[in-house]
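The values are calculated or read from the model by the stated rules, or taken from the named source; none is laboratory data. The model shown is predicted, which means the values in this text are computed figures rather than measured ones. Glycine gets a Cβ as well: all are built from the backbone with ideal geometry, and neighbour counts include every protein chain shown. Just so you know, the surface numbers come from the protein's heavy atoms only, side chains and all, with ligands and any DNA or RNA stripped out. Shrake-Rupley method; radii C 1.70, N 1.55, O 1.52, S 1.80 Å.
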Amino acid sequence: MNLPLSCRCGAIQGSVPDAARTARVMCYCRDCRTAQRWLDPTRGLDAAGGVDIIATSQAEVQLTQWQDALACLQLSPKGLHRWYCKHCRTPLGNTPAANGPRFVGLSRLAVALDDAALDARVGEPRWQAFAKSATGPLPTLASRALLPTLKVVGRTLLDRLRALTPGNPFFDAQGRTRVQPHVLPREERAALAAQDR
Ligand SMILES: [Zn+2]
Ligand SMILES: [Zn+2]
């Protein structure tokens, strides 16, 4: 079963052909929350300030359409690359620096499935990352299982040993981002993070 990807306006489209090679995690870290507030504060955050992430290897992501739409945000000069559609501000996903693991945390908002279909193909979230940074009581998970996450982590570390493929949508063969990231000014980041209190 595949995982169809699309931003809200449709300018970014693609898929993860094998949904079994993903793991779903809720992330409650302040940076994910800050980035989502900057992109679109009306979507994507649960009641405890978490974002729903489908983790996989960059090699698993096949974009069919992204030209002139894919943009990149960094909350600081060395922060994660946070990819999004510049037209509709849907987050696509996060990647570490180019020389890091070939990991991508896809945003649930970029997966073109309703909740029931997403649960059926990937499973419900099985892990809550950075729970201490949550802004409210955490929802109870149906079940906890670290194994799918560990499998994804292992695969992204293995992928790092391979050269970047020409089809990598985020980085070119030299490991440079395909678009110049927008680095959020420090004051703007601080103002968004301060909404936690
Ligand atoms: Zn879009
Ligand atoms: Zn996070």
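Of note:
- Top-ranked residue in region 49-74 [being on the phi < 0 side of the Ramachandran plot and not in a strand (DSSP E or B); ranked as farthest from the chain's Cα centre (by Cα)]: Gln67
- Any chance Phe103 is under 30 Å from Ala193 (Cβ atoms), more than 16 Å from ligand 2 (Cβ to nearest atom) and either without any contact (Cβ under 8 Å) to a residue 12 or more places away in the chain or not basic (Lys, Arg) (or both): no
- Matching residues in region 15-48 - criterion: being within 16 Å of ligand 1 (Cβ to nearest atom), part of a loop (DSSP other than H, G, I, E, B) and among the hydrophobic types (A, V, I, L, M, F, W, C): none
- Listed conditions (1) under 19 Å from the mean Cα position of the chain (by Cα); (2) surrounded by 16 or more Cβ atoms within 10 Å (Cβ to Cβ) are all met by Thr135, apart from (1).
- Within region 17-39, being modelled with pLDDT of 95 or more and either more than 16 Å from ligand 2 (Cβ to nearest atom) or basic (Lys, Arg) (or both) holds for Arg30, Arg33, Arg37.
- Check on Arg8, of a type in the set (D, E, K, R), more than 10 Å from ligand 2 (Cβ to nearest atom) and part of a strand (DSSP E or B): no
- Within region 173-197, being part of a loop (DSSP other than H, G, I, E, B) and open to solvent by 30 Å² or more (accessible area, probe 1.4 Å) holds for Ala173, Gln174, Arg176, Arg178, Val179, Gln180, Pro185, Arg197.
- Residues that are within 16 Å of ligand 1 (Cβ to nearest atom), open to solvent by 10 Å² or more (accessible area, probe 1.4 Å) and out of contact with any Phe, Trp or Tyr (no Cβ under 9 Å at 6 or more places or on another chain), drawn from region 1-14: Pro4, Ser6, Arg8, Cys9, Gly10
- Top-ranked residue in region 69-84 [being of a type in the set (A, V, I, L, M, F, W, C) and surrounded by fewer than 24 Cβ atoms within 10 Å (Cβ to Cβ); ranked as farthest from ligand 2 (Cβ to nearest atom)]: Ala69
- Selected residue (criterion: nearest to ligand 1 (Cβ to nearest atom)) from residues of region 85-98 that are in contact with a helix residue (DSSP H, G or I) (Cβ under 7 Å, 6 or more places away or on another chain) and open to solvent by less than 20 Å² (accessible area, probe 1.4 Å): Thr90
- For region 99-108, the criterion of being small (Gly, Ala, Ser) and crowded, with 17+ Cβ neighbours inside 10 Å is met by at least one residue.
- Among (1) modelled with pLDDT of 95 or more; (2) within 13 Å of ligand 2 (Cβ to nearest atom); (3) under 20 Å from Thr156 (Cα atoms) - the single one Ala129 does not satisfy: (1)
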